[in-house]
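K.L.:
My structure is below; once you've seen it, I'll send some questions.
Every read-out reported here was derived from the displayed coordinates using simple, explicitly stated rules and does not represent laboratory data. The model shown is predicted, which means the values in this text are computed figures rather than measured ones. Neighbour counts are summed over all protein chains in view; Cβ atoms, including those assigned to glycine, are modelled from backbone coordinates with ideal geometry.
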Amino acid sequence: MSQIQFMFSHAPASAGIISAILILSVIGFRSRTFTDRFVLHPWSIFHGKQVERLLISGFLHADLMHLLFNLIALYSVAMYVEAAAGTSAFLAIYFGSLLISGLIPAIRRRNDPEYRALGASGAVSGLFFAGMLYFPEAKVMLLFLPVPLPWPVFALLFIAGSMYGARRKWDNVAHDVHIYGAVSGLLLTAALDPSALRTFWHAIGLGG
């Protein structure tokens, strides 16, 4: 069975989310007005009551490379987390991570009319940390670092890099969103499926 066949047979929500991200992002590429209307803009959320931005901004992307990076990352982990957690828990983890990772910076920047953000990175980060709990012995390989790393090691490097990037204001990436998404995914998975946390502790030698 191919990965695509596996996704459609065992992870229908993953297929639906990937499709929605692709469709809405392409619409956004073709219409700046559409993107501006739904980008994460804390000023509009709190002063204009446009709370839908918290959700829809997670399905939009700045450009093709931004979209492809998130789609590849999502494709590599979403279907496996859904198959392990079940569709209902998967959706709770995904959308919970998306909303929390957007809400925290929105609250912090609610009086900044210049702040804007978009992308699925917060939700994807949440899934990667959920995947770490379910598959702690698996290895992860980055596109720009083609060396397989144990998933917990990757997670530590990811958090360290995101914290450093947020402090240094690296490039134009919302590194703080990655951190909020990762922590949200970790906590939501542990709360929804405590057995995943026990699997992780056991795998790293801390289980009973």
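K.L.:
Mind pulling up the Rg/Rh value for the chain? Radius of gyration and Kirkwood radius, both on Cα.
P.N.:
0.97
K.L.:
Please list the non-local residues whose amide H lies under 5 Å from the amide H of Leu149, H modeled 1.01 Å from N, same-chain partners needing a gap of 5 or more.
P.N.:
Long-range HN contacts for Leu149: Val140, Met141.
K.L.:
On a 0 to 90 degree scale, rounded to 10, what angle separates helix 64-85 from the longest Cα axis of the chain?
P.N.:
Once rounded, the angle reads 40 degrees.
K.L.:
Set the Förster radius R0 to 25 Å, insert the Cβ-Cβ distance between Glu114 and Tyr164 as r into 1/(1 + (r/R0)^6), and round the FRET efficiency to 0.05.
P.N.:
The formula returns an efficiency of 0.60 here.
K.L.:
Something else now. If one takes the longest principal axis of the Cα atoms in the chain, at what angle in degrees, from 0 to 90 and to the nearest 10, does the Cα axis of helix 12-30 lie?
P.N.:
30
K.L.:
Suppose only helical runs count, i.e. DSSP H with n ≥ 4. What mean residue ellipticity at 222 nm does that imply for the chain under -39500 (n - 2.57) per run, divided by all residues and rounded to the nearest 500 deg cm²/dmol?
P.N.:
Computed ellipticity for the chain at 222 nm equals -22500 deg cm²/dmol.
K.L.:
Would you mind working out the magnitude of the charge dipole of the chain relative to its Cα centre, with +1 at each Lys and Arg C-beta and -1 at each Asp and Glu C-beta, to the nearest 20 Debye?
P.N.:
Magnitude of the dipole: close to 460 debye.
K.L.:
What FRET efficiency comes out for Ile23 versus Tyr75 if R0 is 22 angstrom and r is the Cβ-Cβ distance? Round to the nearest 0.05.
P.N.:
Efficiency for this residue pair is about 0.90.
K.L.:
On to the next question. Given a Förster distance of 41 Å, report the FRET efficiency between Ile107 and Thr87 from their Cβ-Cβ distance, rounded to the nearest 0.05.
P.N.:
0.85
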